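Everything below concerns the one structure shown next.
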Amino acid sequence: MKKIILFWCSLFFIPTFAQDHFSGITTSKRVGILNASLNPSELSNLDSKIEVQLMSFSLSVSNNKIGFSDIANRNNLEDLIFKGTGPVSFNVDSEILLPGVALKLLNWGFAVTTAGHIKTSVADVDPTMGDAFINGALNSVTSGTTTISNTNNQRINAATWGELGFSASHKIFENERNKISGGVNLKLLFPGSYANIGASNFQGTFTTNTTDPFSPDFGKINLTKAIGNLNIAYTGGLADSFSNTSDYTKALFGNLNGMAVDLGVNYQLKGDGKSYKLKIGAAIKNIGRMTFKGDNNYSKNYELKIDDTPLDLKGFENVSGVKEIEAAFGSYLHSTETKKQFEVKLPTVLNLYADVKVISRLNVTLLLQQKMNSDSANDQINSQNIFSVTPRVSLGFFEAYMPIGVNEISGTTAGLGFRLGGFFLGSNSILTAITNNCKQADFYTGFRFGFL
């Protein structure tokens, strides 16, 4: 399993997006397709009659253990991940917005969009357990024996899927001072690959030979007197490997097998001309699920039972995929349910935001993303809770902003971004990366243009 954790550690070296995708630009004063990705009701506020999106890209890496200073100091990342007693959480989240078009017609706004998603996560993994299985070590143990009991559902999860969206927004009410719009986005889902390992209600004793350095068993770790419930699910290329990048990208779009919907509303307190003094929006995104099925497709529930005959954890040292992990447990797993077809919930979130005009050309945006599902449930893709404050200067063709956020995995971040016409570039964490031991890396860019 060391290959898996090394793969995620390596992602921390590349420039990436945060899970609050395109933070700052999705609440831009120049309203376009990206604003509608936050809230479909924004299509009624399009600046242009027609907008074309060419492509935008988003990728995030965040964790609660490793900071930029650890990388700069060349510290041992594997040791740091499982240091201390707090659970380990890791999140890699990418979004690719492919070509799309939006149209404003009278009191209506319409859009057709395409997108691809890649998500992987490690959620609430006990550091002692993770250290033993992945590194073959017990860094938190000073004696030769330790027993853990964890009622959480510790998960490693990965998924890829594509979307084709059809959006519509309508201006519900408008007078000289107020404007209210509502919108909906219907998404057709194309599931690609999926993998999940969930270990709930785990209890077990880890033992290692720490007394005789000349013994061939010195440092060997065994697991005894263990019980727990395991969910092991896989489909597509992720059944064989978590750490091969091409397995995530080559199956981004599968067959049509799911639907989801986004619902939103926004209110504007008008100012002079086309500007507003206050805009408030609310949207629920990703209400839906997709079905995975195929020949190389399983979701299995197991009972783990290990008595006095130990499980040698050396067997997990070089595994890289879900099938190999399943095989490494051998006869200690007792199947209780097997499904060739299973449904996976999308990461449903509630978005709330307010954009306030402070003075001419200066606005401040407050954004809250609240996840609606529990990370502990199997057959579900995880998300994060995020709150951000973004001051922005808008000069028409040019816009600059500074998102300052807090998310539940990596903590506080601060970044910079700008828009020049339809081109935008930014980072949610560049400032904290330079000045602090930030546990998130992100970068984003894209281009769209409007006319008429």
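The values are calculated or read from the model by the stated rules, or taken from the named source; none is laboratory data. Because the structure is a prediction, the values reported are computed rather than measured. Don't worry about glycine lacking a Cβ; one is built from the backbone with ideal geometry, like all the others, and counts go over all protein chains shown. Note: areas computed on protein heavy atoms with side chains; ligands, DNA, RNA excluded. Shrake-Rupley method; radii C 1.70, N 1.55, O 1.52, S 1.80 Å.
Here Asp124 passes the criteria (1) at pLDDT below 90; (2) within 24 Å of the chain's Cα centre (by Cα); (3) on the phi < 0 side of the Ramachandran plot except the one numbered (3). For the criterion of being open to solvent by 10 Å² or more (accessible area, probe 1.4 Å), at pLDDT 95 or above and not small (Gly, Ala, Ser), Ile180 passes. Every listed requirement among (1) touching a Leu at 6+ places or on another chain (Cβ under 7 Å); (2) within 18 Å of Asp93 (Cβ to Cβ) is met by Leu367 save one, (1). Restricting Lys187, Lys171, Lys225 to those that are modelled with pLDDT of 90 or more, basic (Lys, Arg) and within 30 Å of His117 (Cβ to Cβ) reduces the list to Lys187. For segment 249-269, a tally of residues being modelled with pLDDT of 90 or more, closer than 16 Å to Thr114 by Cβ and of a type outside the set (A, V, I, L, M) returns 2. If the condition is being in contact (Cβ under 8 Å) with a residue 40 or more places away in the chain and out of contact with any Ser or Thr (no Cβ under 9 Å at 6 or more places or on another chain), then segment 287-312 contributes Arg289, Met290, Thr291, Leu304, Lys305, Asp312. Only one of the numbered conditions (1) polar (S, T, N, Q); (2) open to solvent by 30 Å² or more (accessible area, probe 1.4 Å); (3) not in a strand (DSSP E or B) is not met by Thr128, and that is (2). Ala195 passes every criterion in (1) assigned to a strand (DSSP E or B); (2) in contact with a strand residue (DSSP E or B) (Cβ under 6 Å, 6 or more places away or on another chain); (3) more than 25 Å from Asn296 (Cβ to Cβ); (4) in contact (Cβ under 8 Å) with a residue 24 or more places away in the chain apart from (3). Put simply, of Leu97, Leu77, Leu59, Leu103 the only residue that is farther than 21 Å from Asp131 by Cβ and at pLDDT below 80 is Leu59. Ser41 satisfies every condition listed in (1) crowded, with 18+ Cβ neighbours inside 10 Å; (2) at pLDDT below 90; (3) of a type in the set (S, T, N, Q) except (2). Please find, within segment 200-220, the residue that is modelled with the lowest pLDDT out of those that are open to solvent by 10 Å² or more (accessible area, probe 1.4 Å) and part of a strand (DSSP E or B). Checking each candidate, the answer is Phe218. Tell me whether segment 401-422 contains one or more residues that are in a strand (DSSP E or B), within 30 Å of Arg155 (Cβ to Cβ), out of contact with any Asp or Glu (no Cβ under 9 Å at 6 or more places or on another chain) and touching a residue at least 40 places away in the same chain (Cβ under 8 Å). For segment 401-422, residues in a strand (DSSP E or B), within 30 Å of Arg155 (Cβ to Cβ), out of contact with any Asp or Glu (no Cβ under 9 Å at 6 or more places or on another chain) and touching a residue at least 40 places away in the same chain (Cβ under 8 Å): present. Number of residues in segment 354-379 that are of a type outside the set (Lys, Arg), open to solvent by 10 Å² or more (accessible area, probe 1.4 Å) and assigned to a strand (DSSP E or B) equals 11. Counting only residues that are crowded, with 18+ Cβ neighbours inside 10 Å and closer than 19 Å to Gly281 by Cα, segment 380-394 holds 4 of them. Scanning segment 291-330 for residues being open to solvent by 30 Å² or more (accessible area, probe 1.4 Å) and either in contact with a strand residue (DSSP E or B) (Cβ under 9 Å, 6 or more places away or on another chain) or modelled with pLDDT of 90 or more (or both) gives a total of 16.
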